[in-house]
Amino acid sequence: MKSTDPAIPRLAELGPDLLVTTPRQRTTALVRPYAGIAAFAAAAWLHWWWLTPVVVFGIFVAVVTVTHDVVHGSLGLRPRQTEWALFLLGMVLMESGHAYRTTHLQHHRLFPSENDPEGYPAELSLLGAICYGPVFLARLWWWAFRRSSANPALRAWLVAEAMVPFAGLAGGLLLWPVTPGLFAYAVMVIVGSWVYPLLTVYLPHHDYGGTPLTQTRTLRGRVLPAVFLELTYHLEHHLYPQVPSHRLAELARRLDPFLAAAGVHPRRVI
């Protein structure tokens, strides 16, 4: 747990069951992104292009959620499985899973700090966070790459992952006479990643306070948290990053009395 605030209990007090990931939950989380790809391929084959943005949105949520859990070691994967999961899940969105792990763990260690490249958009204006989108992932990759010289294995992963979006676009152009599906998918996931600074950093963290309880926000409700696979429980995640996403709703319920006593009021959504 990051916080030392006496109002916030240790995870052992809240219940060790919050760390449990069953084999079925692990399999579901890891397979869900590829089910999304299959759905996109089916929609493209049927020329249901109106449906593809909805499918891509679902793929984004599935990948971000499971990669989050992989990075924090909450799915119970072995070290080698973790490395391949970061690579293969990153490929789905044509991103670098290893760069994400490097910068995201730095974010948890240091936010707010000038040495937290992931948290930087929280310092920007709303317009600044929107405009920062096209360079966000590239700058995170470069930050991780510059610090990987002492780790040849990590550098190799980073180089391989940097080639994925170019390969996706090139393959999409080559396959265009057969189907525009791959090129459309590549463009959609690359452009879709431009909302990361706004949605995953600026909105949860801007105007942050000086304590762990006030440095991020949390959203409670029935519909939106379910649609985003519990990613809206951002404060709970920062306080207890080892808790897997599928247990965040229960963690939030158990934390409610402590947050209320500390004067923290989660925002309510549908």
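The values are calculated or read from the model by the stated rules, or taken from the named source; none is laboratory data. A quick note: this is a predicted structure, and the numbers were derived from the prediction, not measured. All Cβ positions, glycine included, derive from the backbone under ideal geometry; neighbour counts span all protein chains shown. SASA here: full protein model, heavy atoms, side chains in, ligands and nucleic acids out. Shrake-Rupley method; radii C 1.70, N 1.55, O 1.52, S 1.80 Å.
Just checking, how many residues over region 30-86 are touching a helix residue (DSSP H, G or I) at 6+ places or on another chain (Cβ under 9 Å) and basic (Lys, Arg)?
Final tally of qualifying residues: 1.
Going by what's in this entry, would Leu182 be described as in a helix (DSSP H, G or I), at negative phi and open to solvent by 50 Å² or more (accessible area, probe 1.4 Å)?
Details: in a helix (DSSP H, G or I): yes; at negative phi: yes; open to solvent by 50 Å² or more (accessible area, probe 1.4 Å): yes.
Answer is yes for this residue.
Taking region 251-268 as the search range and keeping residues that are open to solvent by less than 50 Å² (accessible area, probe 1.4 Å) and touching a strand residue (DSSP E or B) at 6+ places or on another chain (Cβ under 8 Å), which one is nearest to Leu18 (Cα to Cα)?
Only one residue tops the list, namely Ala252.
Among the residues in region 88-95, are any open to solvent by 60 Å² or more (accessible area, probe 1.4 Å) and assigned to a helix (DSSP H, G or I)?
Looking only at region 88-95, we keep the residues that are open to solvent by 60 Å² or more (accessible area, probe 1.4 Å), and these are 88, 91.
Within this subset, residues satisfying the condition of being assigned to a helix (DSSP H, G or I) are 88, 91.
Yes, that holds for at least one residue.
Considering only region 109-140, state which residues are surrounded by fewer than 17 Cβ atoms within 10 Å (Cβ to Cβ) and part of a helix (DSSP H, G or I).
Listed by number, the residues that qualify are Arg109, Leu110, Glu123, Leu126, Leu127, Gly128, Ile130, Cys131, Pro134, Val135, Ala138, Arg139.
Return yes when Thr103 is in contact with an Asp or Glu (Cβ under 6 Å, 6 or more places away or on another chain) and either open to solvent by less than 30 Å² (accessible area, probe 1.4 Å) or part of a helix (DSSP H, G or I) (or both) and no when it is not. So that I can check it myself, show each step before the final result.
Details: in contact with an Asp or Glu (Cβ under 6 Å, 6 or more places away or on another chain): yes; either open to solvent by less than 30 Å² (accessible area, probe 1.4 Å) or part of a helix (DSSP H, G or I) (or both): yes.
For Thr103, the condition - in contact with an Asp or Glu (Cβ under 6 Å, 6 or more places away or on another chain) and either open to solvent by less than 30 Å² (accessible area, probe 1.4 Å) or part of a helix (DSSP H, G or I) (or both) - is met.
Conditions: (1) open to solvent by 40 Å² or more (accessible area, probe 1.4 Å); (2) closer than 25 Å to Ser113 by Cβ; (3) part of a helix (DSSP H, G or I). Leu248 meets all but one. Number of the miss?
Checking Leu248 against (1) open to solvent by 40 Å² or more (accessible area, probe 1.4 Å); (2) closer than 25 Å to Ser113 by Cβ; (3) part of a helix (DSSP H, G or I), the one that fails is (1).
Conditions tested, residue by residue: (1) under 24 Å from Ile130 (Cβ atoms); (2) open to solvent by 20 Å² or more (accessible area, probe 1.4 Å); (3) in contact with a strand residue (DSSP E or B) (Cβ under 9 Å, 6 or more places away or on another chain); (4) among the aliphatic types (A, V, I, L, M).
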{"site": "Ile190", "(1), (2), (3), (4)": "yes, yes, no, yes"}
{"site": "Thr200", "(1), (2), (3), (4)": "yes, yes, no, no"}
{"site": "Asp207", "(1), (2), (3), (4)": "yes, yes, no, no"}
{"site": "Ala226", "(1), (2), (3), (4)": "no, yes, no, yes"}
